[in-house]
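**Q** Dumping the structure here so I can ask a few things about it.
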Ligand code: SF4
């Protein structure tokens, strides 16, 4: 049976503005961004299997406590990520994907509420940098939400 592996299951508040999100870092990212902040997780054999029944148990455990699920990666295996997104949506949760790619597989888009696109380019920084190449989009409205990551010092 094919599955993705994850590390760092945790509840986060800053990565998806206005949401309390259960976050999974998916291992095996095929990109090779210079200065990657997660190079130890690029090996797809690292981490625990993210089986659907385990994921459902976590959704049940966090029912009423979270509003969103965010995946850091996994879009390179869209056939495995899609059913997890569908599970989260069936639990009435919003969904978010942090991707290093600029284009997201079409099959995933209907199941996503938010997406972050763009590789890590150290000279341009992350979402908190007004000069970043990365984009955080609310797919319900296509609104660019990067401004929500800017501190007053950057505005
Ligand atoms: S997309 Fe993220 S995890 Fe993948 S190589 Fe780039 S910085 Fe590392």
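The values are calculated or read from the model by the stated rules, or taken from the named source; none is laboratory data. In this text, all values refer to a predicted model and were calculated from it rather than measured experimentally. As a convention, Cβ positions derive from the backbone with ideal geometry for all residues, glycine included, and neighbour counts pool all protein chains shown.
**Q** Residues being within 16 Å of the ligand (Cβ to nearest atom) and touching a helix residue (DSSP H, G or I) at 6+ places or on another chain (Cβ under 6 Å): count how many of those fall in the stretch 109-153.
**A** Total satisfying the criteria: 3.
**Q** Using the structure shown, decide if residue 24 is touching a strand residue (DSSP E or B) at 6+ places or on another chain (Cβ under 6 Å) and either within 12 Å of the ligand (Cβ to nearest atom) or within 22 Å of residue 91 (Cβ to Cβ) (or both).
**A** Spelling it out, residue 24 is indeed touching a strand residue (DSSP E or B) at 6+ places or on another chain (Cβ under 6 Å) and either within 12 Å of the ligand (Cβ to nearest atom) or within 22 Å of residue 91 (Cβ to Cβ) (or both).
**Q** Restricting to the stretch 8-21, name every residue that is surrounded by fewer than 16 Cβ atoms within 10 Å (Cβ to Cβ) and within 16 Å of the ligand (Cβ to nearest atom).
**A** 8
**Q** Residue under question is residue 64, and the condition is that it be part of a loop (DSSP other than H, G, I, E, B) and touching a helix residue (DSSP H, G or I) at 6+ places or on another chain (Cβ under 8 Å); does it hold?
**A** Spelling it out, it is not the case that residue 64 is part of a loop (DSSP other than H, G, I, E, B) and touching a helix residue (DSSP H, G or I) at 6+ places or on another chain (Cβ under 8 Å).
**Q** Restricting the stretch 111-155 to residues that are assigned to a loop (DSSP other than H, G, I, E, B) and in contact (Cβ under 8 Å) with a residue 60 or more places away in the chain, which is nearest to residue 36 (Cα to Cα)?
**A** Among those that are assigned to a loop (DSSP other than H, G, I, E, B) and in contact (Cβ under 8 Å) with a residue 60 or more places away in the chain, it is 120.
**Q** Could you please give the count of residues in the stretch 88-103 that are touching a residue at least 24 places away in the same chain (Cβ under 8 Å) and surrounded by fewer than 18 Cβ atoms within 10 Å (Cβ to Cβ)?
**A** Final tally of qualifying residues: 2.
**Q** Scanning for something out of contact with any strand residue (DSSP E or B) (no Cβ under 9 Å at 6 or more places or on another chain), within 26 Å of residue 13 (Cβ to Cβ) and surrounded by fewer than 17 Cβ atoms within 10 Å (Cβ to Cβ), does the stretch 71-81 turn up at least one residue?
**A** No: zero hits.
**Q** Residue 35 is checked against (1) within 9 Å of the ligand (Cβ to nearest atom); (2) closer than 15 Å to residue 73 by Cβ and fails just one. What number does that condition carry?
**A** Answer for residue 35: the failing condition is (2).
**Q** Looking at the stretch 22-36 only, could you name the residues that are within 17 Å of residue 66 (Cα to Cα) and surrounded by fewer than 18 Cβ atoms within 10 Å (Cβ to Cβ)?
**A** Listed by number, the list is empty, since nothing qualifies.
**Q** So, one more: Can you give me the number of residues within the stretch 71-87 that are part of a helix (DSSP H, G or I) and within 14 Å of the ligand (Cβ to nearest atom)?
**A** 0
**Q** So is residue 65 buried (at least 16 other Cβ atoms within 10 Å of the Cβ), at pLDDT 95 or above and more than 10 Å from the ligand (Cβ to nearest atom) or not?
**A** No, not satisfied.
**Q** List every residue pair whose Cβ atoms sit under 8 Å apart, with the two residues 6 or more apart in sequence or on different chains, where the first one lies in the stretch 64-77 and is at positive phi and the second, anywhere, is more than 16 Å from the ligand (Cβ to nearest atom).
**A** So the pair list comes out as 74/80; 74/84.
**Q** If you scan the stretch 37-57, which residues turn out to be in a helix (DSSP H, G or I) and surrounded by 15 or more Cβ atoms within 10 Å (Cβ to Cβ)?
**A** Residues satisfying the conditions are 41, 55, 56.
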